[in-house]
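The values are calculated or read from the model by the stated rules, or taken from the named source; none is laboratory data. Being a predicted model, the structure only gives us computed values, none of them experimental. So basically every Cβ, Gly included, is an ideal-geometry build from the backbone, and we count neighbours across all protein chains shown. Keep in mind that these areas ignore ligands, DNA and RNA; they rest on the heavy atoms of the full protein, side chains included. Shrake-Rupley method; radii C 1.70, N 1.55, O 1.52, S 1.80 Å.
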Amino acid sequence: MSISVARSVTSTLPRQVIPVHVLATLALVGAATLWGTSLAATKAAMVALPPTQLACLRFLIGALLLGLLSLWGSGRPEFSVRTALLGLTGVTLYFATQNAGLQNAPAGDATVILGGGIPLASSILGITFLRERLGRLQVAGLLCSLAGMVLVGSMMHGGGAHSGMGLILLLAAVLSAAIYATLGRRAYQEANLMPILSGCAIFGALFLMPIALLEARSTGMPILTLQSVGLLVYLGAGCSALGFALWAFGLRHLSAVQNALVSNLELPVGLVAAALLGERLQDAALVGGLLVVVGAMLAVARWPLRGTAPTP
């Protein structure tokens, strides 16, 4: 009797319509799409907002929402030395140099430089400080990504001092992101990611404030338009808060290899977004982007590690 009752009860329970791995994949696709459009959106927003003020306002919005998500789901944001270092390298230094570089470089070129340079520099730091080992496919993939980045970088450097300064700033962003990824390699293996992510965003926003205030003294207070406010909300609430939440959900239910493969969508999405912004993509950017995507697919083949640290 009890067995039949149990069977009848279980048969009435709602079944999960969409498997969790499908939801996780869709979450990663959503995060990659948001992050892929972030450079083009940042470029458009900087018409009204100076680079550091834009980064600061973006992460004030993102930090607030990530903090609320952390409190709602899994506990208070983590305030520690590691989240302070993650916020300094992955938010403050990265976005200050990235946004300044975007003032002197097309969004499409910046997408290729960052997409190819960050994995390469992260791997070099991982080999040096974490004693990681790369197989032949990983080495081939990183060399392929390097070729794509050098191709675009040589075109930018040949464009004069304006583009040369943009290249230098973007390479500084690559270095800060690589340091962030190395520091976060173990932190992002933890099951409960939201306290770490929210703590990182809060520290990053706090460290950006004095730089933004100094910038405001020289540039004056920006005059915000409806478009710039919309882009700011998209970058803070969408690319930062929602993108991180989707990434955390996807990483919890998929392997790091699957995560990295889906994240490769960021680069083609970024190039399409730059084209929609009105940029005329040079052949070097398209070929370099293709090399970076192929290199990334080779680099994650049979990758042994978990917990790829994302750029906020």
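Given a Förster distance of 35 Å, report the FRET efficiency between R252 and D283 from their Cβ-Cβ distance, rounded to the nearest 0.05. In this case the efficiency is close to 0.30.
Whole-Hz Karplus values for region 188-201 come out as 7, 8, 5, 5, 9, 8, 4, x, 5, 4, 5, x, 4, 5 Hz, taken residue by residue from phi with 6.51 cos²θ - 1.76 cosθ + 1.60 and θ = phi - 60°; glycine and proline positions read x.
Could you tell me whether region 57-135 comes out rounded, prolate or oblate from its Cα gyration tensor? Rule is a ≥ b ≥ c as square roots of the eigenvalues, rounded for a/c under 1.5, then prolate if a/b exceeds b/c, otherwise oblate. Verdict is oblate for region 57-135. Once the Cα-Cα distance is subtracted from the 0.36 nm per residue extended length, the S154 to V17 segment shows a gain of 44.3 nm. Of the listed residues I211, I124, the order by accessible area with a 1.4 Å probe, largest first, is I124, I211. Which value in nm describes the separation of the simple spin-label points at L214 and L143, placed 7 Å from the Cα toward the beta carbon? Each label point is offset 7 Å from its Cα along the Cβ direction, giving 4.2 nm. Simple spin-label estimate for Q103 and Q227 gives 2.0 nm between the two label positions (7 Å along the Cα-to-Cβ direction from each Cα). Simple point charges give the picture: +1 on the Cβ of Lys and Arg, -1 on the Cβ of Asp and Glu, and for region 101-255 a dipole about the Cα centre of about 400 debye. Here the simple spin-label model places points 7 Å from the Cα toward Cβ, and for W72 and V29 these points are separated by 2.4 nm. Based on protein heavy atoms only, region 149-242 ends up with 48 Å² per residue of surface accessible to a 1.4 Å probe.
Within the accessible surface of region 46-132, defined with a 1.4 Å probe on protein heavy atoms only, the carbon and sulfur portion equals 72 percent.
What does the net charge come to around L142 if you take all other residues with beta carbon closer than 14 Å to its beta carbon, with K and R at +1 and D and E at -1? Once positives and negatives cancel, what remains is +1.
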